[in-house]
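K.L.:
Structure in structure tokens, see below.
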Amino acid sequence: MEYKVDFLVIGSGIAGLSFALKVAEYGQVAIVTKKGAMETSTNYAQGGIASVFGQYDSFDLHIQDTLKAGDGLCKNNVVEMVVKSGPERIRELMNWGIAFTQDSSGNLELDLGLEGGHSQKRIVHAGDFTGHAIEQVLVDRAREHANIDIFENCTAVDLITCSMRMKRGIVTAAHEDVCCGAYVLDNETNEVHTFQSKITVLATGGAGKVYLYTSNPDIATGDGIAMAYRAGALVANLEFVQFHPTCLYHSEAKNFLISEVVRGEDGVLIDSQGRAFMGDYDPKKDLACRDVAARAIDSELKKSGDDCVFLDITHKDPDFVRERFPNIYQKCLSLGIDMTKEPIPVVPAAHYMCGGVLVDMDGRSDIDRLYAVGETACTGLHGANRLASNSLLEAAVYAHRAAGRVVKDSESVINEVCRDLPPWDPMGTSDSDEAIVVSHNWDEIRRFMWNYVGIVRSNKRLLRARNRIETIQQEIRQYYWDFKITSDLIELRNIAMLAELIIQGAMLRKESRGLHYNIQHLEKDDKLWLKDTILRRPFVG
Ligand code: FAD
Ligand code: SIN
């Protein structure tokens, strides 16, 4: 089937939905999303959105905290623009109907939380269900909009680019391509549809599933970054994978996060002997930045041989804890852990991808008419390490800017449509009877990425990982051409691509900076590496 729309949005998290709602006044929007519309990282966000509302806070302090966390690699103009746009975007979310928690003053002031790396309380939140509160309102509004169609259980396979090279009959650079839409697999019928669009937006979220342990939901397989790279777009800084220090450690808890705000409310990390250890690693103790806290836990676990450390907030008033953290309290209690009486077992897990599709201040990639917003994009805001709760902020700000740019360009640029798109080539025609190969490769990639390309890296481990991924990539390529595609195979192909790019970035960056920590290159090297790691698929003429 072939669909023709003005705007194709791939992904239904805060980034995709905000963009869609803004451009829907100007044309027909199709949102394709892999599972149900609500199944996004956005839906699971707990802590909140960082923005300057506090009496003692200022844009300058938020900017300084963001730059410090980013360890030299943030783009100053981007940081300033995003931080200063924050309050307006938060007010817009409130106008759309999101009920952020108010403080107890009775003056309709926002209650503000504190997280690691922030010098002031500035985390706007809705209890500890912030992401769910946002996602629900945005999905409801998108469903009600006459110009928006949501295609659920539909997985984008690849972008369709019309090559200016072919049009002109001469060989020029890959970045002169134009994006004309995407091929999309209907996961229920296994049919591949062609979506032709004037503008295509990647809002596919992160890539936590590349790692064995992650806070991310199953959708986070880096599809947007992999599709953009395959189409020839620039991607950057993929070695900067953020590990959240505190995910719940329990055999029945898949991916459950214990928000950093628990430490912001005086929670203390302790070892199995009850010793608070963060003071050994950072003067800010439990409010050190995430990279420091995650490495500290990793080091403690290696020394002790224990499976987890603990987060203790039992010294706080139980009523306060239950009221401030209803989601976390209930989840822990359902697993037999009463956090008001006993410390919570926690471990670090892959949480956030700081790198992504390289975009400009309006979310434009270097392929014409292809945008990337939200976690899929690399804007320059996070640099080498993201400051807590700056992600939802970035997604809201860039969705707004991208929508503004598209609307501004609409008269001059986007009226012209690509014609005669190449039909989907089904390649392999037989059904695979070896689903086990897919699940085995999935498991192997996630395991060696955790072991060799995790919180602490070394040259030898990276080399080992590169050798493994090369072999697996060959196998996947063969499999991809031989058999009909399935959503599992598409995701495997994408996590393998992400693994390869993360390894490539990590091998190139011969220093330790922000989230990238290599025991053979412990120092920062500002002379050689005060820059992004930019990758582009080698051009095949
Ligand atoms: P997502 O919300 O992840 O949405 C991605 C969408 O793309 C999904 O709809 C998915 O189905 C779709 N998709 C992916 N691939 C395809 C494909 N091939 N075809 C079709 N659809 C596809 N950040 C903060 O700032 N504050 C917080 O408090 C916070 N807490 C967090 C807690 C958890 C547990 C997690 C996992 C993350 C948290 N983050 C937080 C990070 C933040 O939630 C995410 O970075 C942000 O929500 C990403 O939004 P997004 O719109 O870019 O992507
Ligand atoms: C958390 O609540 O700890 C997550 C915040 C974030 O990822 O920014």
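The values are calculated or read from the model by the stated rules, or taken from the named source; none is laboratory data. Everything numeric here is computed off the predicted structure, so don't read it as measured data. Here Cβ is always computed from backbone atoms with ideal geometry, including for glycine, and neighbour counts include all displayed protein chains. These area figures cover heavy atoms from the full protein model, side chains too; ligands, DNA and RNA do not enter into them. Shrake-Rupley method; radii C 1.70, N 1.55, O 1.52, S 1.80 Å.
K.L.:
Can you list, bin by bin at 10 Å, the percent of alpha carbon pairs in the chain, starting at 0?
P.N.:
All Cα pairs, binned at 10 Å, distribute as 4, 19, 30, 27, 15, 4, 1, 0 percent.
K.L.:
At 7 Å along the Cα-to-beta-carbon direction for both THR314 and ASN107, put a label point, then send me their distance in nm to one decimal.
P.N.:
It works out to 3.9 nm between the two label points.
K.L.:
Please work out the FRET efficiency for the pair ASP306 and GLU342, using the Cβ-Cβ distance as r and a Förster radius of 22 Å; give the result to the nearest 0.05.
P.N.:
It comes out at approximately 0.85.
K.L.:
Under 14 Å from a label point 7 Å along Cα→Cβ of LYS68: give me every residue in the range 370-390 with its amide N that close.
P.N.:
Counting backbone N atoms under 14 Å from the label point, the list is 387-388.
K.L.:
How do 259-267, 470-478 rank on mean C-beta neighbours within 10 Å, highest first?
P.N.:
Packing order, densest peptide first, comes out as 259-267, 470-478.
K.L.:
If eta is 1.306 mPa s and T is 10 °C, what Stokes-Einstein diffusion coefficient results for the range 179-305, Kirkwood Rh from Cα pairs, in µm²/s?
P.N.:
Reported coefficient: 89 µm²/s.
K.L.:
Heavy-atom accessible area per residue, the range 430-480, 1.4 Å probe: how many Å²?
P.N.:
Using a 1.4 Å probe on heavy atoms only, each residue of the range 430-480 averages 55 Å².
K.L.:
Next question, about the same structure. Show me 114-125, 146-157 ranked by packing, highest mean number of other Cβ atoms within 10 Å first.
P.N.:
Put in order of decreasing packing, that is 114-125, 146-157.
K.L.:
What ³J(HN,Hα) values, in whole Hz, does the Karplus curve 6.51 cos²θ - 1.76 cosθ + 1.60 give for the range 232-243 when θ = phi - 60°, with x put for Gly and Pro?
P.N.:
Per residue, the Karplus-derived 3J(HN,Hα) values read x, 6, 7, 10, 8, 6, 6, 6, 8, 9, 8, 9 Hz.
K.L.:
With a cut-off of at most 14 other beta carbons within 10 Å, and DSSP calling the residue loop, which chymotrypsin sites (Phe, Trp or Tyr not before Pro) in the range 25-70 qualify? Please list them.
P.N.:
Here the chymotrypsin sites (Phe, Trp or Tyr not before Pro) that fit, given the DSSP loop and packing criteria, are TYR56.
K.L.:
I've got another one for you. What pairs in LYS68/LYS510; LYS460/LYS531; LYS254/LYS302; LYS198/LYS484; LYS22/LYS331 have C-alpha atoms more than 27 Å from each other?
P.N.:
Result: LYS198/LYS484; LYS22/LYS331 exceed 27 Å.
K.L.:
With helices defined as uninterrupted DSSP H runs, which ones in the chain have an alpha carbon span along their own long axis of at least 15 Å and mean Kyte-Doolittle hydropathy of at least -1.0?
P.N.:
Helices passing the filter in the chain: 59-70, 76-96, 130-144, 290-304, 391-409, 435-452, 487-508.
K.L.:
Please enumerate, by chain and number, the lysines with C-alpha under 16 Å from the C-alpha of LYS121, excluding those fewer than 8 residues away in the same chain.
P.N.:
Reachable lysines: LYS284.
K.L.:
Roughly how many percent of the accessible protein surface of the chain is carbon and sulfur, given a 1.4 Å probe and a whole-percent answer?
P.N.:
Carbon with sulfur: 50 percent of the solvent-accessible area.
K.L.:
Please report the antiparallel percentage of the DSSP beta bridges confined to the chain, to the nearest 5.
P.N.:
In the chain, approximately 60 percent of DSSP beta bridges are antiparallel ones.
K.L.:
Show me the ranking of peptides 490-500, 304-314 by mean Cβ neighbours inside 10 Å, starting with the highest.
P.N.:
Per-residue Cβ counts within 10 Å, averaged per peptide and sorted highest first, yield 490-500, 304-314.
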